[in-house]
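Inspection log for the structure reproduced underneath, given as structure tokens.
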Amino acid sequence: MNTIYSDAHLGHQPEREFFEAHWQPFQESASRAEAILRAVRESRLGEVIPPRAFGLAPIQAVHDGAYLGYLQTAYARWTAAGHDPAGVYGDTFALRRMSHRPDTPMALAGYYAMDLTAVIVAGTWLAAHAAAQCALTGAALLAESGRAAFALCRPPGHHAHRDLAGGYCFVNNAAVAAHALSASGKVAVLDVDFHHGNGTQDIFYARDDVLFVSIHADPARQYPYFIGARDERGAGRGLGFNVNYPLGAGTTDDAYLGVLESACEDVARFAPDVLVVSLGVDTFGGDPLGDFALTTGAFPRIGARIAQLGRPTLFVMEGGYAVDALGRNVTGVLAGFEAGRA
Ligand code: SP5
Ligand code: ZN
């Protein structure tokens with residue numbers, strides 16, 4: 001399968017994130033994508049190609065227009081207002097019944113984000129825009145070849161809601177691709193990142209033509225805390241088309257593969273025309289953010305099980321922060337998929 005990659009992600013390199021009462025190095029580093037790219041090039045997976053240009057319309061189909069305008073202008077307005085050029089960090093977040101939206105750089109930073117990790121710097125919008133184009137190019141390749149593609153997106157996307165950044169995410173690449181694909185059939189999104197795909201869930205929550213199935217750390221103990229429980233099953237005509245599998249700390253290869261079996265049965269029952277996989281490998285035991293215990297050997301098994309679904313499949317890169325193991329774990333899933341399909 002071919003990999004779609006853009007070096008525009010190099011413009012998005014915030015230095016720090018705030019966590020556990022400390023400023024720490026930004027975990028969602030550019031070295032992540034470079035490590036994955038290197039591993040893809042060293043493997044026999046296929047070619048690495050640049051994204052095509054689909055423009056803003058397919059992104060606007062999933063995200064709020066004012067939010068996208070904010071992402072494009074936030075950094076310039078922030079620095080023009082005299083705030084720290086290290087990046088845009090809100091100080092007060094708009095929650096529940098707080099719905100006023102003063103038009104200042106500081107207020108907007110808190111209005112359009114849910115946490116302090118979706119840091120905007122000068123190149124963030126171009127990086128996020130290019131990542132969405134990578135996902136859209138992968139979606140187009142599926143339609144053309146009917147096989148599989150890997151969108152090596154950075155920044156990741158699955159925590160981004162219609163009008164909310166968070167969890168290192170700005171534009172929901174998987175949701176943009178899934179929505180584009182939904183024009184020609186039923187789409188299933190299978191999210192295997194360690195964290196719940198809250199943005200994707202929320203975007204498709206009331207729809208019955210896009211199934212969302214997520215396997216993730218129980219939000220009672222891990223980010224994003226407030227969403228991702230088992231009883232969230234969809235709303236309106238979307239009821240029954242959202243499935244969450246929250247898991248405990250220390251989840252092993254065999255336990256994970258058992259849950260993946262159930263998730264794949266959900267997908268098979270829905271009988272989608274295409275499958276989008278939000279591919280995070282922060283389920284790896286050595287991941288600095290995760291608390292699962294998966295070994296490198298689990299990833300080809302995950303890919304092989306997904307291949308058995310027999311659907312045109314778009315892999316969209318999400319999380320994974322053990323940079324030394326990242327290339328091997330990601331290409332493990334993709335190679336396992338190719339082998340499982342042959
Ligand atoms: C796409 C994705 O995987 N986003 C993950 C967002 C998780 N954010 C909360 C955790 C921030 C933890 N920073 C940990 C530093 C440890 N030294
Ligand atoms: Zn994650």
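The values are calculated or read from the model by the stated rules, or taken from the named source; none is laboratory data. In this text the structure is predicted, and so the values were computed from the model without any measurement. So basically every Cβ, Gly included, is an ideal-geometry build from the backbone, and we count neighbours across all protein chains shown. We work out accessible area using only protein heavy atoms, side chains counted, and drop any ligands, DNA or RNA first. Shrake-Rupley method; radii C 1.70, N 1.55, O 1.52, S 1.80 Å.
Structure values in brief
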read-out	value
Any hit, the stretch 298-316, residues being under 21 Å from the mean Cα position of the chain (by Cα), open to solvent by 20 Å² or more (accessible area, probe 1.4 Å) and under 19 Å from His196 (Cα atoms)	no
Pick from the stretch 281-340, criterion of a type in the set (Phe, Trp, Tyr) and not in a loop (DSSP other than H, G, I, E, B), ranking: farthest from ligand 1 (Cβ to nearest atom)	Phe337
Among residues of the stretch 147-187, those that are away from ligand 1 (no atom under 16 Å from the Cβ), charged (D, E, K, R) and either in contact with a strand residue (DSSP E or B) (Cβ under 9 Å, 6 or more places away or on another chain) or within 19 Å of Tyr89 (Cα to Cα) (or both), counted	3
Matching option when the condition is more than 14 Å from the chain's Cα centre (by Cα) and not in a strand (DSSP E or B), among Asp202, Asp231	Asp231
The one condition in (1) exposed (fewer than 11 other Cβ atoms within 10 Å of the Cβ); (2) touching a helix residue (DSSP H, G or I) at 6+ places or on another chain (Cβ under 7 Å); (3) free of Cβ contacts under 8 Å to residues at least 12 places away in the same chain that Asp84 fails to fulfil	(2)
Number of positions in the stretch 220-250 that are charged (D, E, K, R), within 20 Å of Asp266 (Cα to Cα) and open to solvent by 70 Å² or more (accessible area, probe 1.4 Å)	4
In the stretch 2-45, residue farthest from ligand 1 (Cβ to nearest atom) [restricted to those that are open to solvent by 80 Å² or more (accessible area, probe 1.4 Å) and under 20 Å from the mean Cα position of the chain (by Cα)]	Asp7
Matching option when the condition is at negative phi, aromatic (Phe, Trp, Tyr), at pLDDT 95 or above and out of contact with any Asp or Glu (no Cβ under 9 Å at 6 or more places or on another chain), among Tyr70, Tyr111, Tyr75	Tyr75
Which listed residue is part of a strand (DSSP E or B), under 27 Å from Phe284 (Cβ atoms) and not hydroxyl-bearing (Ser, Thr, Tyr), from Ala132, Ala175, Ala165	Ala165
Candidate set from the stretch 94-146 (those that are away from ligand 1 (no atom under 16 Å from the Cβ) and among the charged types (D, E, K, R)); member that is least open to solvent (accessible area, probe 1.4 Å)	Asp103
Residue among Leu309, Leu275, Leu279 that alone is closer than 23 Å to Leu211 by Cβ, in contact with a Lys or Arg (Cβ under 6 Å, 6 or more places away or on another chain) and not charged (D, E, K, R)	Leu275
Flag if Arg221 is within 16 Å of ligand 2 (Cβ to nearest atom), farther than 18 Å from Glu318 by Cβ and part of a loop (DSSP other than H, G, I, E, B)	yes
Pairs with Cβ under 6 Å, 6+ apart, first in the stretch 237-260 and without any contact (Cβ under 8 Å) to a residue 40 or more places away in the chain, second open to solvent by less than 30 Å² (accessible area, probe 1.4 Å) and not aliphatic (A, V, I, L, M)	Gly240/Gly234; Phe241/Gly234; Val243/Asp266
Single residue of the stretch 194-219 satisfying the filter (within 24 Å of Val176 (Cβ to Cβ) and open to solvent by 40 Å² or more (accessible area, probe 1.4 Å)) that is nearest to ligand 1 (Cβ to nearest atom)	Asp202
Residue in the stretch 161-179 that is closer than 18 Å to Val243 by Cβ and acidic (Asp, Glu) present	no
Among the candidates Asp266, Asp291, Asp282, residue that is within 16 Å of ligand 2 (Cβ to nearest atom), touching a strand residue (DSSP E or B) at 6+ places or on another chain (Cβ under 8 Å) and not hydroxyl-bearing (Ser, Thr, Tyr)	Asp291
